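The values are calculated or read from the model by the stated rules, or taken from the named source; none is laboratory data. Just so it is clear, the structure is predicted and the values come from calculations on it, not from any experiment. All Cβ positions, glycine included, derive from the backbone under ideal geometry; neighbour counts span all protein chains shown. We work out accessible area using only protein heavy atoms, side chains counted, and drop any ligands, DNA or RNA first. Shrake-Rupley method; radii C 1.70, N 1.55, O 1.52, S 1.80 Å.
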Amino acid sequence: MKQSLSPSRSVTQLAPRAVFVLYLLVLGFIVLWPSHVDDNTAGGFVDALMQRGHTEGWLPLWFTYVVLEWLSNVVMFTPFGFLLVWLVRPQLRSWILVWGFLLTCAIESTQFFMPDRTSSWLDILANTLGVALGLLLAVFIKRCAKRP
């Protein structure tokens, strides 16, 4: 006989799934957009802001647009690892990093064939690092929550 979920139990099961689906939709929108996401006025604004920060001294000179873009790739994939820890059975958690690596390889392979996008092994490294950081953060939180 099928058991009915209590309202609070169903929310705790559905909410992480809904957030993960929403995350994947936004991620897909960003990575499959036909041109670079920063090829617009927002990209010019960020570049001008960084130049101002370098000139005024509140932004270190080593923090360039390339560094910012690389770090944004790390941050963009951190939720992937974090959310999957909450969604998959503990026996499957060891596969999360592999899934993240395969996803980012698929994304970079797709971008390779898009005329106005670039594909880079550094993006694969940054994305996979983001997955690993999210995974580690979620495991850390879960372990801290179990402590009395």
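For the structure I just gave you, tell me whether ILE124 is in contact with a Cys (Cβ under 8 Å, 6 or more places away or on another chain) and more than 24 Å from THR12 (Cα to Cα).
Details: in contact with a Cys (Cβ under 8 Å, 6 or more places away or on another chain): yes; more than 24 Å from THR12 (Cα to Cα): yes.
Taking the combined requirement at face value, the residue satisfies it.
When you scan region 112-134, how many residues do you find that are touching a helix residue (DSSP H, G or I) at 6+ places or on another chain (Cβ under 7 Å) and in a helix (DSSP H, G or I)?
Residues flagged as touching a helix residue (DSSP H, G or I) at 6+ places or on another chain (Cβ under 7 Å) and in a helix (DSSP H, G or I) within region 112-134 amount to 12.
Can you tell which of LEU137, LEU68, LEU97 is surrounded by 12 or more Cβ atoms within 10 Å (Cβ to Cβ), out of contact with any Leu (no Cβ under 9 Å at 6 or more places or on another chain), modelled with pLDDT of 95 or more and in a helix (DSSP H, G or I)? Let's see the steps before the verdict.
Values: LEU68 fails: modelled with pLDDT of 95 or more; LEU97 fails: out of contact with any Leu (no Cβ under 9 Å at 6 or more places or on another chain).
One residue alone meets the criteria, LEU137.
Only residues that are in a helix (DSSP H, G or I) and open to solvent by 70 Å² or more (accessible area, probe 1.4 Å): list them for region 27-64, please. Walk me through how you get there before you give the answer.
First, pick out the residues of region 27-64 that are in a helix (DSSP H, G or I): 27-31, 41-56.
Passing the criteria: PHE29, THR41, PHE45, LEU49, GLN51, ARG52, THR55, GLU56.
Please find, among LYS142, LYS146, the residue that is without any contact (Cβ under 8 Å) to a residue 40 or more places away in the chain and charged (D, E, K, R). Give the derivation first.
Details: LYS142 fails: without any contact (Cβ under 8 Å) to a residue 40 or more places away in the chain.
The match here is LYS146.
Would you please name the residue that is nearest to PHE113 (Cα to Cα), looking only at residues in region 12-26 that are open to solvent by less than 50 Å² (accessible area, probe 1.4 Å) and of a type outside the set (A, V, I, L, M)? Quick ask: steps written out before the conclusion?
First, pick out the residues of region 12-26 that are open to solvent by less than 50 Å² (accessible area, probe 1.4 Å): 15-16, 20, 23.
Cutting the leftovers down to of a type outside the set (A, V, I, L, M) gives us 16, 20, 23.
On the way: PRO16: 33, PHE20: 27, TYR23: 24 Å.
Only one residue tops the list, namely TYR23.
Being closer than 15 Å to LEU137 by Cβ and either hydrophobic (A, V, I, L, M, F, W, C) or touching a strand residue (DSSP E or B) at 6+ places or on another chain (Cβ under 9 Å) (or both), is that true of even one residue in region 55-75?
yes
Collect the residues in region 102-121 that are exposed (fewer than 13 other Cβ atoms within 10 Å of the Cβ) and of a type outside the set (Ser, Thr, Tyr), keeping them in residue-number order.
LEU102, ALA106, PHE112, PHE113, PRO115, ASP116, TRP121 - these are the residues of region 102-121 that are exposed (fewer than 13 other Cβ atoms within 10 Å of the Cβ) and of a type outside the set (Ser, Thr, Tyr).
Just name the residue that is least open to solvent (accessible area, probe 1.4 Å) out of those in region 74-94 that are at pLDDT below 95 and among the polar types (S, T, N, Q).
Here the answer is SER94.
THR104 - would you say it is free of Cβ contacts under 8 Å to residues at least 60 places away in the same chain and either within 22 Å of LEU133 (Cα to Cα) or assigned to a helix (DSSP H, G or I) (or both)?
Yes; evaluated as a whole, the condition is true for this residue.
Pick out the one residue from SER35, SER119, SER72 that is small (Gly, Ala, Ser) and touching a residue at least 40 places away in the same chain (Cβ under 8 Å). Outline the logic, then answer.
Working: SER119 fails: touching a residue at least 40 places away in the same chain (Cβ under 8 Å); SER72 fails: touching a residue at least 40 places away in the same chain (Cβ under 8 Å).
Of SER35, SER119, SER72, the one residue that is small (Gly, Ala, Ser) and touching a residue at least 40 places away in the same chain (Cβ under 8 Å) is SER35.
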